[in-house]
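A.B. asks: Provided herewith is a single structure, encoded as structure tokens, for subsequent inquiry.
The values are calculated or read from the model by the stated rules, or taken from the named source; none is laboratory data. Model, not experiment: these values are computed from the prediction. Cβ coordinates were reconstructed from backbone atoms using ideal geometry, including for glycine residues, and neighbour counts include every protein chain displayed. Quick note on the areas: whole protein, heavy atoms, side chains included, nothing else; ligands and nucleic acids left out. Shrake-Rupley method; radii C 1.70, N 1.55, O 1.52, S 1.80 Å.
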Amino acid sequence: MALAAAKPWGGRFSEQTAASVEKFTESVSYDQRLYAHDIAGSKAHATMLAAQGIVSEAEREAIIGGLDAILAEIEAGTFLFRDELEDVHMNIERALTERIGAAGAKLHSGRSRNDQIALDLRLYLREQCDRFDELLAAMGRALVRRARHYLGEIMPGYTHLQRAQPVLLSHHLMAYYEMFLRDRGRLADCRKRLNVSPLGSAAMAGTSLPLDREMVAAALGFAGVTANSMDSCGDRDFAIEFVSACAQIHLHLSRLSEELVLWSSQEFSFVSIADRFCTGSSIMPQKKNPDIPELIRGKTGRVLGGLMALLTLMKGLPLTYNRDLQEDKEQVFDVVDTVSASLAIMAELLENLSFNTETLRAAAERGCLVATDLAEYLVEKGVPFREAHGIVGRVVARCLERGCEPSDLSLAELGGFSTAIGEDVYARLTPTGSVNARLATGCTGLPRVTEAIEKAEQFLGIHP
Ligand code: ARG
């Protein structure tokens, strides 16, 4: 009986928990990661309990002192987390009671682990939103620095992975900057919604003790309190939103990785990755492999899997708390670890890339990439676009036949396709002419890309 009573729920039980059950149900092996948030929540709760006369001032002091000592021990690595105490909440509460006695046993007044874990996870994810914002800002800085460095260099832009039109390499890099900027917006939005305190919802119906929920929320830096105690204990939307934003970040990383894998192949030879950022083969001496982008691309599967796991976890749950919810933590932690590691290494990798600008330019010079420019030139001369498209199609067919570019055709020959074509066409038929002509907002013309870089530099506090 003594052992059964060692559980907080021991009063109702006549048997000790089976060892296999303890092993199967414990979460402390991974939720101990939440210790600092758990302790911060407990301190705010204790202070509020004292303000409400539920514990005395002396008891409050004992609780705070005890929790601070436990925090210091955990941080020093000397605290022993015990599996038989199931989770981080009970481990800390038990250690507190062992240290300060009855006052420790009062801490859980008006609280349940159901609102406690909802609180801890919100505090943890709020912190991760801020950390990820920093990581994404660093990624933005790395991209913008590269874009600044290579400003003016031309490459082929692709659709269907077929060479399409000349663009500035910086424009291509800044496309990723925009993606990661939107990711920052998504996380900021998620942070707003998760920044409300569920504490005081207790098991799910609230409590008859006179708690001041707003006081606890303010002490923990929340913008307010959740509106419905049942929702507060059963909801994990906030975690799904966070993981979904992370999945989107990793998709962006994966697309960038895919391009780096392609571009560093001998077939493209657009970019070289510094040796210290590659690895070799154990059998083929000549190999230098782009393992970092490959691994990032590969890890996308587990991040998307994490999102799918959370969505599926929630799908059939009746209100309110169900033990299933314990399964959210490992997914969330794995996504946090994976995405933050990928972001950090990708930002570093970008600094270790050198683009083969001559190869990029040469690739933009072959394949009639200025065909659209010729069509638009005709439009400027009054030819309806659809007609112009047909004319240029025939020019391209001629070029394919000859194995040449439109600019290699004489004015007389070009004039045979359309009388609207004059000497001034040649300035438009080079990659530089093509890029320079694209001047509307958001296009690849040099002044527009320069503006985009300047705007980003200003926003990120970069002084070029
Ligand atoms: N370890 C639990 C979880 O992660 C904490 C809440 C447990 N509540 C309960 N009634 N068993 O969800």
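A.B. asks: Which residue, chosen from Ser112, Thr17, Pro384, occupies the Cα position most advanced towards the positive end of the dipole of the chain, where the dipole is computed from +1 (Lys, Arg) and -1 (Asp, Glu) charges on Cβ about the Cα centre?
C.D. replies: Comparing the listed Cα positions along the dipole, Pro384 ranks first.
A.B. asks: Once fully extended, how much extra length lies between Asp130 and Ser14, figured as 0.36 nm per residue of separation less the alpha-carbon to alpha-carbon distance?
C.D. replies: Numbers: separation 116, 0.36 × 116 = 41.76 nm, distance 4.69 nm.
Extra length available between Asp130 and Ser14 comes to 37.1 nm.
A.B. asks: Quick check: from the Cα gyration tensor, does segment 282-381 come out rounded (a/c under 1.5), prolate or oblate? Present the calculation step by step, with values, prior to reporting the outcome.
C.D. replies: Values: a/c = 3.84, a/b = 1.78, b/c = 2.15.
Oblate shape, in that a/c is at least 1.5 and b/c is the bigger or equal ratio.
A.B. asks: Expressed as a rounded percentage, what relative contact order does segment 236-371 have, with Cα pairs under 8 Å and six or more residues apart? Numbers along the way, then the final one.
C.D. replies: On the way: 125 pairs, mean separation 46.0, N = 136.
Worked out over segment 236-371, it gives 34 percent.
A.B. asks: A follow-up question, please. What is the Cα centroid distance between segment 399-419 and segment 252-317, reported in whole angstrom?
C.D. replies: Measuring centre to centre over Cα atoms gives 43 Å.
A.B. asks: Kindly identify segment 1-128 as rounded, prolate or oblate by the Cα gyration tensor criterion: order the square roots of the eigenvalues as a ≥ b ≥ c, call it rounded if a/c is under 1.5, otherwise compare a/b with b/c, prolate if a/b is larger, else oblate.
C.D. replies: Values: a/c = 1.64, a/b = 1.23, b/c = 1.33.
Because a/c hits 1.5 or more and a/b fails to exceed b/c, segment 1-128 counts as oblate.
A.B. asks: Could you work out how far helix 35-51 tilts from the main Cα principal axis of the chain, as a 0 to 90 degree angle to the nearest 10?
C.D. replies: Result, in degrees: 50.
A.B. asks: Something else about it: Using alpha carbon centroids, what distance separates segment 11-29 and segment 116-165, in Å?
C.D. replies: 44 Å
A.B. asks: Further, regarding this structure: For the chain, what is the charge dipole size about the Cα centre, in debye to the nearest 20, if Lys and Arg each add +1 at the Cβ and Asp and Glu each add -1 at the Cβ?
C.D. replies: Here the size comes out at about 580 debye.
A.B. asks: Now for a separate question. Ranked by accessible surface with a 1.4 Å probe, highest first, in what order do Met230, Met314, Met308 come? The partial results should precede the final answer.
C.D. replies: Numbers: Met230 80, Met314 40, Met308 110 Å².
In descending accessible area the options line up as Met308, Met230, Met314.
A.B. asks: So, one more: State, as an integer percentage, the relative contact order of the chain based on alpha-carbon contacts under 8 Å between residues 6 or more apart.
C.D. replies: On the way: 637 pairs, mean separation 71.5, N = 464.
Computed value for the chain: 15 percent relative contact order.
A.B. asks: With all protein chains present and a 1.4 Å probe, how do Thr320, Thr47 order by accessible area, largest first?
C.D. replies: On the way: Thr320 15, Thr47 45 Å².
Ranked list, largest accessible area first: Thr47, Thr320.
A.B. asks: Just in segment 1-77: which GluC sites (Glu not before Pro) are loop by DSSP and have at most 13 other Cβ atoms within 10 Å? Can you show the working numbers first?
C.D. replies: On the way: sites: Glu15, Glu22, Glu26, Glu57, Glu59, Glu61, Glu73, Glu75; in loops: Glu15, Glu26.
Listed in order of number, the matching sites are Glu15.
A.B. asks: Dipole of the chain (Lys/Arg Cβ +1, Asp/Glu Cβ -1, origin at the Cα centre): which of Ser201, Gly416, Tyr158 lies farthest to the positive side?
C.D. replies: Value computed over the given set: Gly416.
A.B. asks: Also, I was wondering about something else. What nm distance separates the two modelled labels at Asn352 and Phe385, each placed 7 Å from Cα along Cα→Cβ?
C.D. replies: 4.5 nm
A.B. asks: What nm distance separates the two modelled labels at Asp275 and Glu327, each placed 7 Å from Cα along Cα→Cβ?
C.D. replies: Going from the Asp275 label point to the Glu327 one covers 4.9 nm.
A.B. asks: Oh, and also: In debye, nearest 20: dipole of segment 145-189 around its Cα centre with unit charges on the Cβ of K, R (+) and D, E (-)?
C.D. replies: Working: 7 positive and 4 negative charges, 22 e Å.
So the magnitude is around 100 debye.
A.B. asks: Also, I was wondering about something else. Quick check on the chain: take the gyration tensor over C-alpha atoms, sort the square-rooted eigenvalues as a ≥ b ≥ c, and tell me if it's rounded (a/c under 1.5), prolate or oblate.
C.D. replies: On the way: a/c = 3.24, a/b = 2.70, b/c = 1.20.
Prolate.
A.B. asks: What's the FRET efficiency of Ala51 with Arg302 using the Cβ-Cβ distance as r and R₀ = 41 Å, to the nearest 0.05? Can you show the working numbers first?
C.D. replies: Values: r = 45 Å, r/R0 = 1.09.
The formula returns an efficiency of 0.35 here.
A.B. asks: How far apart, in nanometres, would the label points at Phe24 and Ala69 be if each is projected 7 angstrom from Cα along the Cα-to-Cβ direction?
C.D. replies: Roughly 3.8 nm, to one decimal.
A.B. asks: What do you reckon, how do Cys443, Cys190 stack up by accessible area (1.4 Å probe), largest on top?
C.D. replies: Details: Cys443 45, Cys190 0 Å².
In descending accessible area the options line up as Cys443, Cys190.
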